[in-house]
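K.L.:
Here it is: the structure, laid out below.
The values are calculated or read from the model by the stated rules, or taken from the named source; none is laboratory data. Keep in mind that this is a model prediction, so the values were computed, not measured. Note that each Cβ is placed from the backbone with ideal geometry, even for glycine, and that neighbours are counted across all protein chains shown. The protein model used for the area step is the full one, side chains on, heavy atoms only, and it has no ligands, DNA or RNA in it. Shrake-Rupley method; radii C 1.70, N 1.55, O 1.52, S 1.80 Å.
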Amino acid sequence: MMRTTPATREFTSDPVPDEVLERIVDSARFAPSGGNRQPWRLVVVKDPDLRIEIREAYRLGWREYWAHVEQGLVPFAPREHNLWPGPAVDLRQARQVPRPDPFGDHLEEVPVLVILLAHLPSLAVTDNGLGRQSIVGGASVYPFAHNLLLAARDEGLGAVMTTVICRQEPRVKDLLAVPAEFAVAGLIAMGHPKRQVRQLRRKSVAELVSVDRFGGAPFGQVWTTLGTSSG
């Protein structure tokens, strides 16, 4: 299953019954989290007007994201002393420039649209104070998100998680009446895929794992970078 679960961004118009989504969440909820605090919450967005608002919020985030890509930059990546020193592009200008995106421009049409939230006081952020960009808090949230993708695949569906929507967190929280102690951790789109991806391209084990030190002897055999067929 892990070798055949791609990021799916194109869906048919076929609906996904609520009972199917409930089964998916029921399976995904067994993901691990720090202290088993299970800090994730989901909001399933069904209202047509809310869906359009979420689409518009996403499109603004996408414009900021793509403005970085056009300049050969990793969007919002730490650049100085492993910290983010501030915008590398003019974000206000970026939000005003249309950036066509087949996925985001039709986000309101996705059969299942879910906002993933994280309860901040429940996150054990053990890398706080290390003088670099913090990443650890997500370890108590994103395994659940990936479980959702795997469970959707098991139901014959496709899905993708994107964090672009996080750029518009205040707007999204206001739209969905999200309490202050929660953060927007991502958006998950789900439905019947228009096409089945047959191969996933990933780095080999030897490229990812070394022995005793960073950059040391490669671990294991040099496996192919192509995943198995999704059948």
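K.L.:
Counting Lys and Arg as +1 and Asp and Glu as -1, each charge on the Cβ, what is the dipole of the stretch 57-166 about the Cα centre in debye, to the nearest 20? Display every interim value, and only then the final one.
P.N.:
Numbers: 8 positive and 11 negative charges, 63 e Å.
Its charge dipole is roughly 300 debye.
K.L.:
What whole-number value in Å² describes the accessible area per residue of the stretch 62-211 for a 1.4 Å probe? Numbers along the way, then the final one.
P.N.:
Values: 8080 Å² over 150 residues.
Per-residue value: 54 Å².
K.L.:
I'd like to know which of Pro100, His68, Gly86 lies farthest towards the positive end of the charge dipole of the stretch 42-130, counting +1 on Cβ of Lys and Arg and -1 on Cβ of Asp and Glu.
P.N.:
Gly86
K.L.:
Report the charge-dipole magnitude of the stretch 1-125 in Debye, nearest 20, computed about the Cα centre from +1 at each Lys and Arg Cβ and -1 at each Asp and Glu Cβ. Working shown, then result.
P.N.:
Numbers: 15 positive and 18 negative charges, 107 e Å.
Dipole size: approximately 520 debye.
K.L.:
Let me ask another. Can you list the lysines whose alpha carbon is less than 24 Å from that of Lys194, not counting same-chain residues fewer than 8 positions off?
P.N.:
Lys46
K.L.:
Can you give me the % of accessible surface on the stretch 1-61 that is carbon or sulfur? Probe 1.4 Å, all protein chains present, nothing else counted. Numbers along the way, then the final one.
P.N.:
Values: 1890 of 3770 Å².
So the carbon and sulfur contribution to the accessible surface is 50 percent.
K.L.:
For Glu19 and Ala88, compute 0.36 nm times the residue count separating them, minus their Cα-Cα distance, and round to one decimal in nm.
P.N.:
On the way: separation 69, 0.36 × 69 = 24.84 nm, distance 4.43 nm.
My answer for the length gained is 20.4 nm.
K.L.:
OK, next. What is the P(r) of the stretch 47-90, as percent of Cα-Cα pairs per 10 Å bin from 0?
P.N.:
27, 38, 23, 12, 1
K.L.:
Report the far tail of the P(r) of the stretch 1-94, meaning the percent of Cα-Cα pairs longer than 19 Å.
P.N.:
Numbers: 2957 of 4371 pairs.
Tail of P(r) above 19 Å: 68 percent of Cα pairs.
K.L.:
Using DSSP to call loops (not H, G, I, E or B), can you name the chymotrypsin sites (Phe, Trp or Tyr not before Pro) in the stretch 1-90 whose Cβ has at most 11 other Cβ atoms within 10 angstrom? Could the numbers behind the result be given before it?
P.N.:
Values: sites: Phe11, Phe30, Trp40, Tyr58, Trp62, Tyr65, Trp66, Phe76; in loops: Phe30, Phe76.
Of the chymotrypsin sites (Phe, Trp or Tyr not before Pro), the ones in loops of the stretch 1-90 whose Cβ has at most 11 other Cβ atoms within 10 Å are Phe30.
K.L.:
Taking the convex hull of the alpha carbon atoms in the stretch 148-218, what volume per residue do you get, in Å³? Can you show the working numbers first?
P.N.:
On the way: hull volume 13.1 nm³, N = 71.
Dividing the Cα hull volume of the stretch 148-218 by its residues yields 184 Å³.
K.L.:
Tally up the carbon and sulfur contribution to the accessible surface of the stretch 126-173 as a whole percent, 1.4 Å probe, everything protein left in place.
P.N.:
Numbers: 1130 of 2170 Å².
Carbon-and-sulfur percentage of accessible area, whole number: 52.
K.L.:
For the stretch 151-165, what does the Karplus curve 6.51 cos²θ - 1.76 cosθ + 1.60, with θ = phi - 60°, yield as ³J(HN,Hα) per residue in whole Hz, taken in order and with x for Gly and Pro?
P.N.:
The phi angles translate into 5, 5, 4, 5, 8, x, 9, x, 7, 8, 10, 10, 9, 4, 4 Hz.
K.L.:
Another question about this same structure. Kindly sort Leu208, Leu116, Leu42 by accessible area of their heavy atoms, largest first, with the probe set to 1.4 Å. Walk me through the intermediate numbers first.
P.N.:
On the way: Leu208 120, Leu116 0, Leu42 55 Å².
I get Leu208, Leu42, Leu116, largest accessible area first.
K.L.:
Filter the trypsin sites (Lys or Arg not before Pro) in the stretch 14-61 down to the DSSP loop ones having no more than 10 other Cβ atoms within 10 Å, then list what survives.
P.N.:
Values: sites: Arg23, Arg29, Arg37, Arg41, Lys46, Arg51, Arg55, Arg59; in loops: Arg29, Arg37, Lys46.
Sites meeting the loop and neighbour criteria: Lys46.
K.L.:
Also, quick follow-up: For the stretch 52-189, what log10 I(q)/I(0) values come out of the Debye formula at q = 0.13, 0.14, 0.17 1/Å, with one point per alpha carbon and no solvent?
P.N.:
-0.66, -0.76, -1.12
K.L.:
Under unit Cβ charges (Lys, Arg +1; Asp, Glu -1), what dipole magnitude, rounded to 20 debye, does the chain have relative to its Cα centre? Don't skip to the end; give the middle numbers.
P.N.:
Working: 27 positive and 26 negative charges, 133 e Å.
That gives a dipole near 640 debye.
K.L.:
So for the chain, taking the charge dipole from beta-carbon charges (+1 Lys/Arg, -1 Asp/Glu), which of Val160, Ser210, Val141 sits furthest toward the positive end?
P.N.:
The one lying farthest along the dipole's positive direction is Ser210.
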